[in-house]
Structures are given as C-alpha cells and as structure tokens.
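The values are calculated or read from the model by the stated rules, or taken from the named source; none is laboratory data. Treat the numbers as computed from the prediction; the structure is a model and nothing was measured. Counting neighbours? That spans all protein chains shown, and the Cβs are built from the backbone with ideal geometry, glycine included. Only protein heavy atoms, including side chains, enter the accessible area calculation; ligands, DNA and RNA are left aside. Shrake-Rupley method; radii C 1.70, N 1.55, O 1.52, S 1.80 Å.
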Amino acid sequence: MHIDWAALGSVFGVSLAVTVGLVGLFTLGIVGLTKREAAASGTGNVALARTGAYACFAACAAAVAYGIYLIVA
C-alpha cells in the first residue's frame with residue numbers, strides 16, 4: 001500500500017483553512033447581530049450591521065452547500 005503524503009497534507013491544509021475561514025465568517029455574522037442590537041439602543045447604522053451579518057451567514061450557507069455539492073457530484 002502506497003500513501004501519497006503530499007496529497008494527504010494538501011487535503012489537510014485546505015480542510016483546515018476552509019474550516020477556520022467558515023468559523024471566522026460565522027463569528028463575524030454573530031458579532032454583526034450583536035452590533036445591530038447595540039446600534040439599535042445607541043448611535044449606529046442598524047441596517048448596515050444587519051446586512052453585514054446576513055451576508056456572512058449567506059456566505060457560510062453557500063460554502064456548506066458547495067461542499068455538499070462536491071461530495072454528491
């Protein structure tokens with residue numbers, strides 16, 4: 001049995017980077033919703049915070065859907 005260590009390392013690296021990126025993007029969405037609540041009570045742009053948060057969540061959903069597409073196809 002031959003293991004292609006370079007390919008395994010490549011898959012590991014890409015998986016790690018995508019996972020960290022998705023978690024970071026989802027965290028930005030949560031922070032955006034938190035800022036929306038803070039902006040509603042004080043000064044700030046509520047619509048911009050909400051739009052940014054929803055854009056982060058939409059990008060996460062798109063990345064997950066693309067991953068599922070790659071697995072199924």
Could you do me a favour and compute the accessible area per residue for the chain, 1.4 Å probe, result in Å²? 76 Å²
Plugging the Cβ-Cβ distance of A7 and I71 into 1/(1 + (r/R0)^6) at R0 = 25 Å yields, to the nearest 0.05, a FRET efficiency of 0.90
What number do you get for the chain when its Cα radius of gyration is normalised by 2.2 N^0.38 Å, N = residues? 1.57
Using a 1.4 Å probe and ignoring any ligands, DNA or RNA, find the accessible area of I68 and quote it in Å² to the nearest 10. 100 Å²
Sticking with the crude label model, points 7 Å out along Cα→Cβ, report the distance from A38 to F26 in nm, one decimal please. 2.2 nm
What accessible surface, in Å², does a 1.4 Å probe find on V46, ignoring ligands, DNA and RNA and rounding to the nearest 10? 40 Å²
Taking all protein chains as present, what is the carbon and sulfur share of the accessible area of the chain, in % to the nearest whole number, probe 1.4 Å? 74 percent
Treating the angle as unsigned and between 0 and 90°, give the value, to the nearest 10°, between the Cα long axis of helix 5-41 and the longest Cα principal axis of the chain. 10 degrees
